[in-house]
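I have placed the structure first, in the form of structure tokens, so that the comments after it can refer back to it.
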Amino acid sequence: MLHFTCDRCDRGLLLEEDVRYEVTIEVKSGYDPMEITREDLKKDFSAEMSRLLRQMKKKGTRELEDSVYKVFRFDLCLKCQKEFIENPLSKLTVNNEQ
Ligand SMILES: [Zn+2]
């Protein structure tokens, strides 16, 4: 039997809640169109490729994958869904009024 709980507050979702919300968060590298300059064309591409490969060898597979793409999936109860959509990035609010 499937048993869903809210991934944020651990409340049971099938018996205690009328609705369950699914949240998918996709984090991926953003690439802007490259601008190629004259200096770029003068680079030693073989040396640059070797430098990049050395950098990659120092990192683990997981770290390399996570640096490019990561997806998270969560189930939320109604209360947590409301709080999530109000502030999905959990930004801290600063009150500058004195
Ligand atoms: Zn919850």
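The values are calculated or read from the model by the stated rules, or taken from the named source; none is laboratory data. Quick caveat: nothing in here was measured; it's all calculated off a predicted structure. With ideal geometry, Cβ positions are generated from the backbone for all residues, glycine too; neighbour counts draw on all protein chains shown. Protein only, heavy atoms only, side chains kept; ligands, DNA and RNA dropped before computing areas. Shrake-Rupley method; radii C 1.70, N 1.55, O 1.52, S 1.80 Å.
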If a residue counts only when it is of a type in the set (S, T, Y), which helices (runs of 4 or more DSSP H) contained entirely in the chain have at least 2 such residues? 45-58
Residue count, the range 27-37 (criterion: modelled with pLDDT of 90 or more and open to solvent by 100 Å² or more (accessible area, probe 1.4 Å)): 1
What about K59, is it without any contact (Cβ under 8 Å) to a residue 60 or more places away in the chain and surrounded by 11 or more Cβ atoms within 10 Å (Cβ to Cβ)? yes
Write out, first by first residue and then by second, each pair whose Cβ atoms fall under 6 Å of each other, whose residues are 6+ apart or on separate chains, and whose first residue, in the range 65-81, is in contact (Cβ under 8 Å) with a residue 12 or more places away in the chain and closer than 23 Å to G30 by Cβ while the second is open to solvent by 70 Å² or more (accessible area, probe 1.4 Å) and near the ligand (Cβ under 8 Å from one of its atoms). F74/D7
Top-ranked residue in the range 69-80 [being closer than 16 Å to E22 by Cβ and within 18 Å of the chain's Cα centre (by Cα); ranked as nearest to the ligand (Cβ to nearest atom)]: L76
F4 fails exactly one of the following numbered conditions: (1) open to solvent by 100 Å² or more (accessible area, probe 1.4 Å); (2) modelled with pLDDT under 90; (3) in contact with a strand residue (DSSP E or B) (Cβ under 7 Å, 6 or more places away or on another chain). What is the number of that condition? (1)
Inspect the range 75-94 for any residue being over 29 Å from L15 (Cα atoms) and open to solvent by less than 80 Å² (accessible area, probe 1.4 Å) and give the result as yes or no. no
Given S90, S50, S29, which one is touching a residue at least 40 places away in the same chain (Cβ under 8 Å) and among the small types (G, A, S)? S29
Only listed residue being charged (D, E, K, R) and exposed (fewer than 10 other Cβ atoms within 10 Å of the Cβ), chosen from D40, D18, D66: D18
